[in-house]
Every structure is written in structure tokens, then in C-alpha cells.
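Written below as C-alpha cells is the structure these notes are about.
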Amino acid sequence: MPWPPQIRLAAFDAYQARMPRTRQSAAVAIVAIDEASLRRFGQWPWPRSRLAELVGRLAAARPAAIGIAILMAEPDRLSPGRLPELIGRMDPDLARSLASLPSNDTLLAEALRGRPVVVGMAGVDDRGSDAGPGVAQAPVRIVGGDATVFLPRFEGRLRSIEEIDRAAAGRGLLNVEPERGVVRRVPLVAAVAGTLVPALGIEMLRVAAREPAISILVGRSGVETLGIGDLVLRSASDGSVWLRYAPADPARLVSAADVLAGRVDARSFEGKLVLVGVTALGLADFQATPLGERMSGVEIHAQLLEGIIDGKLLIRPRWVPWIEAGLLAAGGLLLILVVPRVGARAAVGLFAIVVGAAIGLGWLLYLEGGFLLDAATPSLALGGLFMAMLAITLTDAQSQRRLLRLQIEQQRQAAARLAGELEAARRIQMGSLPRPEVVLPGEHRVDLYALLEPAREVGGDLYDFFRLDQDRLFFLVGDVSGKGLPSSLFMAVSKALYKSTALRRTSQIAAMMREADAEINRDNAEGLFVTVMAGILDAATGELEYSSAGHEPAYLLPSAGHPLVRLAGAVGPPLCAVDEFPYEASRHRLEPGDTLCVVTDGVTEAARAGGELYGRKRLESVLDSLGEKGSAREVGEALREDVTRFTDGAERSDDLAILVLRWTGPGASGR
């Protein structure tokens with residue numbers, strides 16, 4: 001048997017093992033030829049005269065019907081007339097006297113005749129196993145077609161000897177066929193040697209109801225119902241029914257020894273269906289049941305009768321497989337649609353809900369109507385589908401992870417390359433800035449400090465200073481709009497073009513500003529602009545000429561009793577902001593010891609983590625406190641350290657540039 005039917009049968013067994021049938025009526029009794037009976041009356045088989053006595057006692061109690069689940073296919077060897085053959089050397093007169101006595105088979109036939117007794121018959125596959133000529137069987141009315149096409153068929157039969165068989169009121173089939181070693185179903189009727197024979201329990205019900213015939217309704221797909229008078233039983237297409245077992249109950253069994261000894265109240269059999277069978281160990285044919293118990297054949301026939309009378313037979317209608325297919329299709333579609341879209345935990349939860357719903361429906365149908373729904377096979381199929389989808393999803397996830405790792409690695413490599421390129425750009429940018437010790441070697445009239453700290457790897461702030469001649473020093477501080485790489489490129493271009501202009505126009509700062517504005521704006525496709533504070537200091541006289549293009553004014557630190565001063569004067573818009581703006585210059589004569597400080601807005605707009613800005617007031621307070629103390633470096637470093645303390649590690653939002661220029665006087669130049 002392929003695996004799905006095995007799973008299905010195991011699921012049906014689980015229903016019964018967890019929730020077996022409860023006996024509701026005591027309409028069936030079993031008279032058991034058990035171990036106690038054998039101890040009292042000797043080994044089996046008994047003389048049939050004792051069976052006749054047993055049948056007589058039972059018939060006297062007026063049961064509804066008696067079913068004898070025993071085959072008596074050969075004459076009784078213990079009949080009086082056959083004893084001389086067994087004993088041997090017997091007195092001839094005694095032998096003749098014994099031969100004149102009725103046989104035990106005759107006694108049993110007389111006990112059966114005229115009473116509601118059904119004897120058993122077995123179907124066999126051996127055509128030559130038929131014992132004796134055929135006899136009349138219970139009439140069967142068939143409606144709808146040929147039932148033998150669908151019913152179990154047996155080529156031969158084993159039945160009791162003709163004398164006993166003819167005396168019985170009916171004959172019932174004893175066969176129960178295990179499936180995978182377990183008896184779950186019994187045939188209600190079968191074709192035996194070309195004749196339709198009802199099961200022992202069915203024939204007992206017909207005899208008890210005094211019905212002349214059994215009716216069978218046949219449809220296109222097989223047998224549909226079996227009727228006994230008003231009783232209609234739904235069956236499988238092969239005419240079988242599923243038993244719903246009740247646990248073994250000692251109250252169902254009565255020892256034959258007690259009946260023969262008269263120790264049983266006759267009223268306990270009145271109106272009941274009484275089965276007579278062998279239950280002694282070693283003699284009875286015990287079969288496995290879904291409850292895990294082994295029961296004798298006569299007990300299985302009793303289970304059938306109780307299930308019919310209590311209306312507790314299990315059924316598996318023809319529409320149930322469609323429900324199972326629907327469960328599989330609906331659950332599979334749900335898993336296919338949802339599993340790829342959710343995480344593994346949600347997918348497992350969904351699978352548990354789907355399988356739980358299928359199993360719950362199976363239990364509900366079993367408990368409420370006795371329907372056998374196979375929830376196990378769809379659940380296992382869904383489990384296979386779920387595992388396959390999970391494997392596909394995990395494989396896809398692993399592929400995605402590998403792709404993601406590759407992308408991340410590529411991004412890391414690109415980031416590393418970019419970081420390297422930015423670091424190289426930073427080195428180039430910072431290397432392009434002049435250093436006082438290189439530009440002004442041996443110059444004692446001017447003390448100069450310059451600092452640039454980009455907010456990122458590179459920035460848009462700039463400064464520059466260089467000699468125009470032996471006495472005049474050009475300087476500038478600028479701030480390109482924006483930050484980062486674009487600003488740094490524009491900063492480099494602006495610095496180079498402004499220096500080129502300054503070296504060509506060495507006379508006036510205003511002319512330098514106007515020409516630099518035109519040069520820088522010529523190829524400014526991105527529309528950037530730059531603020532600039534530029535000046536020329538004559539180191540011999542202290543004469544300062546300066547101009548501002550939208551930049552913060554320079555500060556003149558206090559000295560010789562003078563306060564902190566902002567150098568006001570000629571101010572215009574940032575370079576590249578207004579075409580052909582007529583920039584002008586202002587002049588101021590420095591005194592020996594005067595210190596000039598120019599910063600970008602990276603100082604005044606430095607921010608703490610909470611958003612508070614450094615501001616102009618704090619800048620002026622720091623510069624005012626420094627006065628004429630210290631060198632240009634000390635002033636610049638003091639300002640840088642104060643900004644650092646203020647921001648307290650907060651991420652810098654803008655580039656920072658500081659230029660401090662101190663004129664010491666017209667002393668020796670060091671040339």
C-alpha cells in the first residue's frame with residue numbers, strides 16, 4: 001500500500017484511539033466459550049449436543065436473534081453413532097444401541113429449527129472449498145444495478161453441514177478483512193460463490209425484524225445503502241462500513257459455562273441480539289483494532305451490531321475526498337502566496353495555523369457526525385510544500401545575502417577608494433596652502449598664523465598669502481558656498497585664479513577683486529559663489545589696503561590702550577554673485593604690535609550638540625581678552641581651542657579658517 005493510504009488509516013485510528021465510542025445501549029450480548037467454559041466442560045470442540053443445550057437455554061430467554069459465530073463444516077465425531085469408530089473394540093449390541101440414537105448434529109438442528117438463529121458462513125478464495133450443495137440464502141432486493149461488481153467476492157465458501165445449515169433461520173458472513181493488520185471495516189454483504197450473503201450481524205437484524213429480504217441501492221459509483229425494513233445504512237462503494245469501536249467491556253460477555261449451569265438470569269437475554277462464539281486464548285481468531293486492543297471475531301461482530309443500533313458507525317461519504325483536496329489546494333495556495341512575503345517565524349506560524357485548522361476540522365467532523373476526514377495526508381502534503389517553499393525561500397535569501405554581501409563588499413571597496421581619493425584630495429588641498437615659514441623666511445616685520453580645518457575630508461574654506469614684492473604682503477581668507485568635494489574644487493579654482501590675478505595686478509586691491517570676480521565667474525556652471533576678505537600689507541610702513549566680498553570683517557585686536565575694532569569699509573557681494581560689481585578698497589594704517597584676525601563663519605556658527613552657536617559675541621570676547629599678548633600663533637591657537645571647548649566633540653557643520661597677521665613694525669626685514 002502506498003504511503004498516503006497508510007497515513008490516512010493512521011489518522012483514522014488516531015481519532016478512535018483518542019475518542020472511542022461509548023456504549024449507549026446493552027442490546028448485544030456475547031455468550032463466550034472462554035477459558036472458564038473449557039475448564040468446566042472440556043476441550044474444544046464440544047459435542048454439538050452441548051451446543052444444542054446452550055442454544056435451547058438461550059432461546060428460552062426469548063432473545064431477538066441468536067448468531068452462532070462458529071463453523072461446523074464436518075459431522076460431529078462425538079455423535080453416538082460414531083463412537084465405535086473412535087473407541088474401537090466395542091460390544092456389538094452397545095454399538096447398535098448407540099447407532100440407533102440421534103446424532104449430535106441432529107440434536108443441534110432440532111434446537112435451531114423454528115428459532116431466530118443465524119449460523120455463520122465464511123467466504124474463501126478456493127472454489128473447491130464449498131461444503132455441500134447450495135442452500136437458499138436470504139433474499140436480497142437490488143435497486144439500481146449489479147451490486148456484485150462492487151462487492152467483495154469469494155470463489156468458494158465454508159458453511160456448517162447441510163443438516164445444521166438448513167435448520168437455521170439465516171446464514172451470515174463471518175469474514176472480517178484486516179487492512180495493514182487492523183480491522184477497521186467490515187462488509188455488510190458479499191458475493192460468495194455467486195450468491196449475495198449478508199454479514200452475520202446484518203442477517204441477525206433481518207431475522208430479528210422478521211423481514212423477508214434485504215434491499216441494496218446501487219449507484220453509478222457503487223453501493224450506496226443497505227436497508228432492512230425501515231433501517232437504512234449508508235455504506236462505502238464496496239458495501240462495507242467503518243466501525244467505531246468501544247473499548248472491551250466485560251459486561252458485554254457472559255461465560256457459556258454460567259449459561260449452561262443456569263447461573264445467568266434469563267431476562268438478561270430477553271429481546272437482545274445474542275452472539276455465541278469462542279473467545280478462549282489459543283482458539284479464537286483475535287484481530288488488532290484501532291484502539292490498540294486485540295478482539296476476537298465475535299466481539300468485532302458485536303461492535304458492528306452496537307454501532308448500527310446506537311447509530312455510531314463511522315462514515316466516509318464520497319464528498320469527503322473533495323474537502324480534503326480543497327484543504328490541500330486552499331492551504332497550498334495560501335502558503336504559496338504568503339510564505340515568500342513574510343519572515344521565517346511568521347511563515348511557521350501560518351503553516352501551524354493552516355495545519356491546525358485542517359486537523360481541527362477533521363476532529364470536529366468526527367465528533368459531531370462520525371465523518372472520517374483525512375487531515376493527515378493534506379497536512380503532510382502541505383508540510384512538504386512548506387518545506388520546499390521554505391528551502392526555496394532560504395536558498396533565495398542566501399543568494400540575496402550573498403549578493404548583498406558582494407554589494408556591500410563592492411560598496412566598501414568603493415568607499416575605501418573614495419576615502420583614499422578624498423584623503424589624497426585632502427592632502428593635495430592642505431598641501432596647496434602656504435606656510436609662513438616657507439613664504440616668509442627670515443621676515444621679522446610680520447608674524448603670521450593660518451589654520452584651515454574642513455568639516456569633512458575636504459572643504460570650501462580657503463586662505464592664501466604671498467609676497468607681491470620685498471615689502472608688500474598679499475593675504476586673503478575665503479569661504480565657498482556649500483561643503484564637501486564640490487566646494488573644495490571651487491575653492492582650489494578660486495584660490496588659483498585669485499592668486500593669478502593678484503600677481504598680475506600688484507597695485508590696487510580693488511582692481512584685483514574686480515578682475516578675480518570676472519575670472520572665477522567665467523566657467524562657473526554650477527552657480528557657486530565665494531566670500532573673500534583680501535588685503536595688502538606694506539611691511540615697511542604698516543599701510544593696510546583691504547576689500548571685502550561678502551565676508552566677515554577683519555578684527556583689529558586691542559593694543560596700546562585701543563579697544564577691539566572691526567575694520568569696516570568697502571564691502572561688496574560675494575564673488576560670482578553679481579556680475580561686474582565695482583568693488584572698492586579701504587585703507588588703515590597699523591601701528592607696531594597691531595594684530596589683525598580674519599575668520600570664516602565656521603567660527604561664529606560652530607554649534608554645540610544642543611544647537612547653541614558660538615556666535616560673534618563670544619568671538620569678540622575671546623579676541624578682546626587676548627589683546628596684544630602673545631604671538632600670532634598664540635592668538636590663533638587660543639581661538640581654535642576655545643571653539644573646540646565650546647563644541648565639546650559635536651560634529652562640525654562647517655569648515656573653519658583662521659588667519660592672524662601681526663605687524664611688529666618697520667624693523668629689519670631679514671633679507
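The values are calculated or read from the model by the stated rules, or taken from the named source; none is laboratory data. Predicted, not measured: the structure shown is a model, and the values here were computed from it. No Cβ is skipped: glycine too gets one built from the backbone with ideal geometry, and neighbour counts run over all protein chains shown. What goes into the accessible areas is simple: the full protein's heavy atoms, side chains included, and nothing from ligands, DNA or RNA. Shrake-Rupley method; radii C 1.70, N 1.55, O 1.52, S 1.80 Å.
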Rg over Rh, two decimals, segment 554-623 (C-alpha only, Kirkwood Rh) | 1.06
List the relative contact order of the chain as a percent without decimals, with contacts defined as Cα pairs under 8 Å and 6+ residues apart.
-> 12
If you take the C-alpha gyration tensor of segment 245-332, multiply each eigenvalue by 5 and take the square root, what semi-axes do you get, largest first, in whole Å?
-> 38, 16, 9
Plugging the Kirkwood radius over Cα pairs into Stokes-Einstein for segment 583-671, at a temperature of 4 °C and a viscosity of 1.567 mPa s, what D comes out in µm²/s?
-> 89
The size of the Cβ-based charge dipole (Lys, Arg +1; Asp, Glu -1) of the chain about the Cα centre, to the nearest 20 debye, is 3160
antiparallel share of DSSP beta bridges within the chain, to nearest 5, in %, is 70
In segment 252-316, the GluC sites (Glu not before Pro) that fall in loop regions by DSSP, at most 13 other Cβ within 10 Å | Glu270
For segment 606-671, calculate the relative contact order in percent as a whole number, restricting contacts to Cα pairs under 8 Å that are 6 or more residues apart.
-> 44
Return the long-range amide H neighbours of Ser296 (sequence gap of 5 or more, or a different chain), with a cut-off of under 5 Å between placed amide H atoms.
-> Gln287
Can you quote the Å³ per residue value for the convex hull of the Cα atoms in segment 297-418, rounded to an integer?
-> 117
Nearest-10 value in Å² for the accessible area of Leu503, using the 1.4 Å probe = 90
Give me Rg over Rh for segment 623-665, both radii from the alpha carbons and Rh done the Kirkwood way, two decimal places.
-> 1.04
Could you tell me the distance between the Cα centroids of segment 432-464 and segment 565-628, to the nearest Å?
-> 17
Note down the net charge around Ala347, summing +1 for each Lys or Arg and -1 for each Asp or Glu among other residues with Cβ under 14 Å from its Cβ.
-> +1
Taking the Cα centre of segment 427-518 as origin and charging only Cβ (+1 Lys, Arg; -1 Asp, Glu), how large is the dipole, in debye to the nearest 20?
-> 240
Percent of C-alpha pairs per 10 Å bin, the chain, short to long | 3, 12, 15, 11, 6, 5, 4, 4, 4, 5, 7, 8, 7, 6, 3, 1, 0, 0
In debye to the nearest 20, how big a dipole does segment 262-324 give about its Cα centre with +1 on each Lys and Arg Cβ and -1 on each Asp and Glu Cβ?
-> 80
Hz values of 3J(HN,Hα) by residue in segment 466-478 - Karplus curve (6.51, -1.76, 1.60), Gly and Pro given as x | 6, 7, 8, 7, 5, 10, 8, 10, 8, 9, 8, 10, x
Work out how much length Ile408 to Arg141 would gain on full extension: take 0.36 nm times their residue separation and subtract the Cα-Cα distance, in nm to one decimal.
-> 88.0 nm
With axes computed from alpha carbons, what is the tilt in degrees of helix 200-209 against the longest principal axis of the chain, rounded to the nearest 10 within 0 to 90?
-> 60
For segment 279-286, take each phi angle, set θ = phi - 60°, evaluate the Karplus expression 6.51 cos²θ - 1.76 cosθ + 1.60, and give the result in whole Hz per residue in order, putting x for glycine and proline.
-> 10, 5, 4, x, 10, 7, 8, 7
Helix-only CD estimate at 222 nm, as mean residue ellipticity for the chain, using -39500 (n - 2.57) per DSSP H run (n ≥ 4) | -13000 deg cm²/dmol
For segment 498-617, what are the per-bin percents of Cα-Cα distances with bins 5 Å wide, up to the bin holding the maximum?
-> 2, 10, 18, 19, 18, 14, 10, 6, 2, 0
Extent along principal axes [Cα atoms of segment 1-118; Å; largest to smallest] = 69, 38, 27
Quick tally, 1.4 Å probe accessible area for Asp258, Asp594, sorted with the most first, runs Asp258, Asp594
Of the peptides 189-196, 322-329, 94-101, how do they stack up when ordered by the mean number of other Cβ atoms within 10 Å, highest first?
-> 189-196, 322-329, 94-101
How would you rank 616-625, 376-385, highest first, on the average number of other Cβ atoms within 10 Å across their residues?
-> 376-385, 616-625
Inter-site label distance for Arg618 and Ala266 at 7 Å from Cα along Cβ, in nm = 12.0
D (µm²/s, integer) via Stokes-Einstein for segment 362-520, Kirkwood Rh across alpha-carbon pairs, 4 °C, 1.567 mPa s: value 59
